[in-house]
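The values are calculated or read from the model by the stated rules, or taken from the named source; none is laboratory data. Everything quoted here is computed from the prediction, not taken from an experiment. Neighbour counts run over all protein chains shown; Cβ positions are idealised from the backbone, glycine included.
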Amino acid sequence: MTNGGFIVPALVTGRSAHRGYRHEAVYYQGEDEFLELVVPFIQEGVAAGQPVMVAVVARRQAALTQRLGSAAQAVEFVDMTDLGRNPARIIPACRDFLSRHRDDGPMRGVGEPIWAGRKAVEIEECQLHESLLNLAIAPGTPFWMLCPYDRSALDPAVIDEAARSHPVIVEPRVYRGSTLYGGAYHAAELFRRTLPTPAAPIRHLVVDPAAGHHVADWVRRWAEASGVPRRRAAGLAAALRGVAQSGEAQTGPDQMLQLWQQGSDLVCQLHDPTPVSDPMIGRRPPGQDSSRGRALLAANDLCDLVQVRSNEGGTTVRVHTCL
């Protein structure tokens, strides 16, 4: 069945279209094709009385609002430039939307976390986020999520990676399964990857996990001396202190704190030899996560970008602050 430019199997339209969770990538080229594919999806949801959340950058929201007309008033728009600055914030926002509408039947969402011009490190975290979306939402949740990707503006490697984190690919007049989809295995693989070694000069400090205040003091002084405003420097210091003193980290051996500047970012990194097996750490609701996970959730709210990786070599938390 064709719904405008959006093609879905004939037996899964309307309310029956998503009795369970669906996470699909939409490949488009340019704004016209974006609207051709996404607008009918939103219109059908609004017409059926389904809650719809759309997280896109401002220019996409403006184009959607104009094309949707009065139907746009029923859509919950979120500025992805703000929400997605740290991609680790997106899943908690999705969970909040689902929680608020859990008694409202089927729900729909559109999220475009990757656009032309994003930093490479931001794209890497968006790719981890996309893979984790397959773990974050229970299969029986009636939520249909579309993730648009602009093939005319993004590197082909980014498009290929999207196929690894989405079980279904949507294109103009095409609706197909992804032969590259990796599911939970791919999410675990991305989480285990070692972060690149920085090329910039690095400051090192060996930290006793029980003395997180030393981490906070050093980070705050260094950030302020580098030009970070006092309030933001205090938030960065609090985030690193919380991670250093979180339960699992505190009971382990000494940690290594490293500080450096990478382009327009200040970067703080904590590493300890204790592995973490849960790639969703820091993205679960506070009552469902570990002590370290709650500390990372707080860090995600306080900092511009947070990266977490863990493997047999230990756990690394890398925090970026924009100058």
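Out of all the residues in region 73-91, which are over 15 Å from Ala58 (Cβ atoms) and either charged (D, E, K, R) or in contact with a helix residue (DSSP H, G or I) (Cβ under 7 Å, 6 or more places away or on another chain) (or both)? First the steps, then the outcome.
Keep residues of region 73-91 that are over 15 Å from Ala58 (Cβ atoms), which gives 73-74, 76, 86-91.
Once the filter is applied, which keeps residues that are over 15 Å from Ala58 (Cβ atoms) and either charged (D, E, K, R) or in contact with a helix residue (DSSP H, G or I) (Cβ under 7 Å, 6 or more places away or on another chain) (or both), region 73-91 yields Ala74, Glu76, Asn86, Pro87, Ala88, Arg89, Ile90, Ile91.
Among the numbered criteria (1) surrounded by 22 or more Cβ atoms within 10 Å (Cβ to Cβ); (2) of a type in the set (D, E, K, R); (3) touching a Phe, Trp or Tyr at 6+ places or on another chain (Cβ under 9 Å), which one does Arg309 miss?
(1)
Residue-by-condition table, conditions (1) among the charged types (D, E, K, R); (2) at pLDDT 95 or above; (3) in contact with a His (Cβ under 6 Å, 6 or more places away or on another chain); (4) surrounded by 12 or more Cβ atoms within 10 Å (Cβ to Cβ):
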site: Leu180; (1), (2), (3), (4): no, yes, no, yes
site: Gly183; (1), (2), (3), (4): no, yes, no, yes
site: Arg192; (1), (2), (3), (4): yes, yes, no, yes
site: Pro201; (1), (2), (3), (4): no, no, no, no
site: Leu205; (1), (2), (3), (4): no, no, no, yes
site: Gly212; (1), (2), (3), (4): no, no, no, yes
site: Trp218; (1), (2), (3), (4): no, no, no, yes
site: Ala223; (1), (2), (3), (4): no, yes, no, yes
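Grab the strands (runs of 3 or more DSSP E) fully contained in region 117-178, keeping just those with 3 or more residues being in contact with a Phe, Trp or Tyr (Cβ under 7 Å, 6 or more places away or on another chain), more than 26 Å from Gly45 (Cα to Cα) and not assigned by TED's automatic domain parsing to the domain that holds Gln43.
Numbers: elements: 143-150, 168-171, 174-177.
Because the criterion is at least 3 residues that are in contact with a Phe, Trp or Tyr (Cβ under 7 Å, 6 or more places away or on another chain), more than 26 Å from Gly45 (Cα to Cα) and not assigned by TED's automatic domain parsing to the domain that holds Gln43, no strands (runs of 3 or more DSSP E) in region 117-178 meet it.
With respect to Gln50, determine if the residue is part of a loop (DSSP other than H, G, I, E, B) and in contact (Cβ under 8 Å) with a residue 24 or more places away in the chain.
Details: part of a loop (DSSP other than H, G, I, E, B): yes; in contact (Cβ under 8 Å) with a residue 24 or more places away in the chain: yes.
Yes, satisfied.
Which one is farthest from His129 (Cα to Cα), of the residues in region 286-314 that are assigned to a strand (DSSP E or B) and touching a residue at least 60 places away in the same chain (Cβ under 8 Å)? Full working, then the answer.
Step one: list which residues in region 286-314 are assigned to a strand (DSSP E or B), which gives 305-311, 314.
After this cut, where a residue has to be touching a residue at least 60 places away in the same chain (Cβ under 8 Å) as well, the list is 305-311.
Values: Leu305: 12, Val306: 12, Gln307: 11, Val308: 11, Arg309: 13, Ser310: 15, Asn311: 18 Å.
The residue in question is Asn311.
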